[in-house]
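Below you'll find the structure, written out as structure tokens, and then a few comments.
The values are calculated or read from the model by the stated rules, or taken from the named source; none is laboratory data. Only a predicted model underlies this, so the values are computations on that prediction, with no experimental measurement involved. Because the Cβ atoms are built from the backbone with ideal geometry, glycine has one as well, and the counts that use them run over all protein chains shown.
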């Protein structure tokens, strides 16, 4: 039976990965220091004999007894509200944390997949973004702590691949949504949904013309699963190319909830990307993967989760 370590395993994406690999018959170790993760996301797995949980900060030395076939690095604050509050921890988990896990992968001869992000493209000058685009990132801006941590993470992973011959995989994740998102994580979808459900004004930054492309979590997990089992070591975009402006998106959520909340506009944060849309040609060709869940369906499922969490 194959054994896998999922760093950030109690987070939004990490916990869904734990579920998927348990379902596929793996022994799963979730590692998380719960800075942004939530133990409730994985509690249902505790009774399972093939599941273990380690409370640990991967910026400190990482030791796991026994063999490991795979390591997935999904540990990092991932929303602006978090990484602006924890800038140094964000940089450390992308640098020291990545180095520690790569060292463990080398020792165990494991294959390691890292969660990179569309943020490596910064505020892009190329649209849609494909994997060969190098990005337009401000290293000293407020978002630089996340963008550069992820860019460094990719560079370090490639160095281990070329220098040590380590088996590595790099996924560049575009905006993902679904159950287990934190309601207060500050990103567009949780903010819009929470505000509309509470009857508060829906806050859109800028004039709302900036775009995002939202991918439902099950589609993303499928893409990651296929990439990990593939033979491809260069970055691959996984996301949904169905692009929408934030103004339209706020209206969509308003309509879905039947909310009378007003849409109000606030100043655009510094270095906020004006557009975001993945070119997924590579994932289609390489992994025979493309998103299947329509946004209206994904939003309905996510709304049910939010209602339950908010008790409305």
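Just a few scattered comments:
- Flag if residue 195 is in contact (Cβ under 8 Å) with a residue 60 or more places away in the chain and either within 18 Å of residue 301 (Cβ to Cβ) or in the same structural domain as residue 21 (by TED's automatic domain parsing) (or both): no
- The residues of the stretch 121-142 that are closer than 19 Å to residue 214 by Cβ and crowded, with 22+ Cβ neighbours inside 10 Å, listed by number, are 121, 129.
Okay, residues lined up against (1) more than 19 Å from residue 13 (Cβ to Cβ); (2) within 22 Å of the chain's Cα centre (by Cα); (3) outside the structural domain of residue 228 (by TED's automatic domain parsing); (4) part of a helix (DSSP H, G or I):
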| position | (1), (2), (3), (4) |
| --- | --- |
| 47 | yes, no, no, no |
| 53 | no, yes, no, no |
| 61 | yes, no, no, no |
| 65 | yes, no, no, no |
| 77 | no, yes, no, no |
| 89 | no, yes, no, yes |
| 96 | yes, yes, no, yes |
| 99 | yes, yes, no, yes |
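- Qualifying residue in the stretch 187-194 (condition: closer than 30 Å to residue 266 by Cβ, modelled with pLDDT of 95 or more and not in a helix (DSSP H, G or I)): no
- If you check 262, 274 for being at pLDDT below 95 and under 16 Å from residue 194 (Cβ atoms), only one passes: 262.
- When 71, 29 are checked against the criterion of being assigned to a strand (DSSP E or B), out of contact with any helix residue (DSSP H, G or I) (no Cβ under 7 Å at 6 or more places or on another chain) and closer than 25 Å to residue 227 by Cβ, a single residue qualifies: 29.
- Residue match in the stretch 157-170 (condition: within 27 Å of residue 210 (Cα to Cα), crowded, with 19+ Cβ neighbours inside 10 Å and at pLDDT 95 or above): yes
- In the stretch 202-245, of all residues being modelled with pLDDT under 95 and in a loop (DSSP other than H, G, I, E, B), the one that is nearest to the chain's Cα centre (by Cα) corresponds to 210.
- Taking the stretch 33-45 as the range and being under 16 Å from residue 182 (Cβ atoms), touching a helix residue (DSSP H, G or I) at 6+ places or on another chain (Cβ under 8 Å) and either without any contact (Cβ under 8 Å) to a residue 40 or more places away in the chain or not assigned by TED's automatic domain parsing to the domain that holds residue 14 (or both) as the test, the residues that pass are 37, 42.
- Residues located in the stretch 159-178, provided they are under 15 Å from the mean Cα position of the chain (by Cα) and not in a strand (DSSP E or B): 174, 175, 178
- Among (1) surrounded by 21 or more Cβ atoms within 10 Å (Cβ to Cβ); (2) touching a residue at least 40 places away in the same chain (Cβ under 8 Å) - the single one residue 79 does not satisfy: (1)
- Residue 181 in a helix (DSSP H, G or I) and within 30 Å of residue 247 (Cβ to Cβ): no
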